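Trainee: Structure below; questions to follow.
The values are calculated or read from the model by the stated rules, or taken from the named source; none is laboratory data. These numbers were taken from a predicted model, which means no experiment stands behind them. Note that each Cβ is placed from the backbone with ideal geometry, even for glycine, and that neighbours are counted across all protein chains shown. Note: accessible area is taken over every heavy atom of the protein model, side chains too, but ligands, DNA and RNA are not part of it. Shrake-Rupley method; radii C 1.70, N 1.55, O 1.52, S 1.80 Å.
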Amino acid sequence: ELTADSDLDLVVVYDFDEERRESAGPRPLDAVIDPAFTEPVFDEARIDEQVRGLIGRPGDFEDFLDRTRDAARQMRFITGARMLSGILAPAQAGEAFSAVAAAVVRASLASVQEAFAHEHGSVPGGRIAVLGLGRLGSRELTADSDLDLVVVYDFDEERRESTGPRPLDAVVYYTRLTQRLVSALTAPTRRGRLYEVDLRLRPQGGKGPLASQFRGFVAYQAGEAELWEHMALTRARVLAADASFGDEVAAAVAGIVAQPRSPAEVAKQVRAMRALIAQEKGDRDPWDIKLAAGGLTDVDFLAQAILLAHGRDRPDLVGRPTDEVLLAAAALGLTGAEEARELVEAHRLFGAVLHWQRLMIAGPFDPAAVSPAILKRLAAAVGLPDAGVLLRQLDDARARVRAIAAEAYDRMGATPAAGGTASKRRKAPTG
């Protein structure tokens, strides 16, 4: 019976669970209007504290999974918003995204261990450490990066069985515990997904056990691992560990990276690995910041080659950021000082563009499908007027990287051998 100018008389009815009166899910916009939003937070300790505060005290494990996803989503949203607002530089955003992931891994390991102990007790003398590799290890995660993880454990060989009501052998115990950890990080809940986890960088890749006993891990890396596996370890860091076990694992990894090698053999194998990736994945897309010839993969591979070829003489470089390793190329006689600075500038440019691509576009970056406004915003983000100028600058930087890297590898190849690594047949994962 409404007329053209009638008011609407409405009644709103609602219901809720009296035991759970607060709204579910994060409120990221609240954080954006908080005065603290303008503070450029990317310190791992502070972000760990913030993530734990958001998770709070879950009522049970399912509640923990939901709260963890809420916390990670809110912290990643804030990090992206700070980057969009100019509060965080892309490299700082990478550190912040990495710190959020590390905090979530630590919280998840602690929660999984507690729940697992109720069923199976603990292994006498048992210790566990979770390593982050790839961009997580180097603190360069983007907004949508997967997590590359390796789990290492140790226990008393004389007391292999856990102490709980349903005891397990130590190897089975840590294998299942690792499965639970991966599930906690990857399983979709009503709050959505958390992270994708990749365990292929563990010893023996997809054919090896999910978790590695410490002694076997060290023995494998020292005697069986191929060079590409040591390349992966150049960016490894301990994210979570029991007591002093993390220090032991970190020292072992540093020792593996710094073991003596033939620079010529390192250069040969790294070049072959790069060629294989180009063959299998292509290197001609100028907007593929990682895989385009002379792009981010080439810079990262050169830094890893420098560490593996010269880590014994320069152990201070092991575990240092990529830019510091690249600058050391001049002191090692692999490049001139100006060329080393060019490598660092290219690495920063590539990293910045990659961060902006991943923040603004989900999935592969196809310029034909991207709006002109996004292309312009991408160029402006790195201080350039338009996408055409950006593409020319990327091409120039990649050309210089190819030339400088080729000269550096040639100089490594001319270095007298002082040991060396045997060539293996097993192919590295290129995914």
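Trainee: Mind ranking 207-215, 146-154 by how tightly packed they are, going by the mean number of other C-beta atoms within 10 angstrom, highest first?
Mentor: Highest mean packing first, the order is 146-154, 207-215.
Trainee: How big is the range 265-340 by the Kirkwood estimate over distinct Cα pairs, in Å?
Mentor: Hydrodynamic radius (Kirkwood, Cα only) of the range 265-340 equals 13.1 Å.
Trainee: Run the 1.4 Å probe and let me know the accessible area of residue 273, rounded to the nearest 10 Å².
Mentor: 30
Trainee: Another question, then. Can you give the Kirkwood hydrodynamic radius for the range 43-137, in Å, rounded to one decimal and based on Cα pairs?
Mentor: After inverting the pairwise mean of 1/r, the radius is 14.5 Å.
Trainee: For the chain, what is the accessible area per residue in Å² when the probe is 1.4 Å?
Mentor: On the way: 20930 Å² over 431 residues.
Spelled out: the 1.4 Å probe surface of the chain, per residue, equals 49 Å².
Trainee: Once you sort the root eigenvalues of the Cα gyration tensor of the range 142-232 as a ≥ b ≥ c, which label holds: rounded (a/c under 1.5), prolate (a/b larger than b/c) or oblate (the other case)?
Mentor: The shape class here is oblate.
Trainee: Using modelled amide H (1.01 Å from N, peptide plane; none on Pro or chain starts), what sits under 5 Å from the amide H of residue 213, excluding residues fewer than 5 places away?
Mentor: Close amide H contacts, sequence-distant or interchain: 153.
Trainee: Could you calculate the FRET efficiency of residue 169 with residue 272 from 1/(1 + (r/R0)^6), where r is the beta carbon distance between them and R0 is 35 Å, rounded to 0.05?
Mentor: Working: r = 40 Å, r/R0 = 1.16.
So, using R0 = 35 Å, E works out to roughly 0.30.
Trainee: May I pose another question? If I take all pairs of Cα atoms in the range 336-411, what percentage of them are more than 15 Å from each other?
Mentor: Working: 1676 of 2850 pairs.
Pairs farther apart than 15 Å: 59 percent.
Trainee: For the range 321-364 and the range 72-120, write down the distance between their C-alpha centroids in whole Å.
Mentor: A separation of 24 Å, based on Cα centres.
Trainee: Taking every DSSP beta bridge with both residues inside the chain, roughly what % is antiparallel (nearest 5)?
Mentor: Antiparallel bridges: around 70 percent, rounded to the nearest 5.
Trainee: Round to the nearest 0.05 the FRET efficiency obtained for residue 119 and residue 190 when R0 = 22 Å and r is the Cβ-Cβ distance. Intermediate values should be presented prior to the final figure.
Mentor: Details: r = 24 Å, r/R0 = 1.11.
After rounding, the FRET efficiency stands at 0.35.
Trainee: Once the other residues with Cβ under 15 Å from the Cβ of residue 124 are scored (Lys, Arg +1; Asp, Glu -1), what is the net sum? Each step should come with its number before you reach the end.
Mentor: Numbers: positive: 127, 159, 160; negative: 154, 156, 157, 158, 161, 169, 242.
Surrounding charge for residue 124 is -4.
Trainee: Right, here's the next one. Counting only other residues whose beta carbon sits under 12 Å from that of residue 378, what net charge do I get with K and R as +1, D and E as -1?
Mentor: Overall, the nearby charge balance is +2.
Trainee: At a 1.4 Å probe, what is the % contribution of carbon and sulfur to the accessible area of the chain?
Mentor: Values: 10790 of 20930 Å².
Carbon and sulfur together cover 52 percent of it.
Trainee: When only Cα pairs under 8 Å and 6 or more residues apart are kept, what is the percent relative contact order across the chain?
Mentor: Numbers: 613 pairs, mean separation 62.6, N = 431.
RCO, the chain: 15 percent.
Trainee: Can you pull out the trypsin sites (Lys or Arg not before Pro) in the range 216-294 whose DSSP state is coil and whose Cβ has at most 10 other Cβ atoms within 10 Å?
Mentor: 284
Trainee: How long are the semi-axes of the equivalent ellipsoid of the chain, taking √(5λ) for every eigenvalue λ of the Cα gyration tensor, in whole Å from largest down?
Mentor: Numbers: eigenvalues 312, 225, 57 Å².
Here the semi-axes work out to 39, 34, 17 Å.
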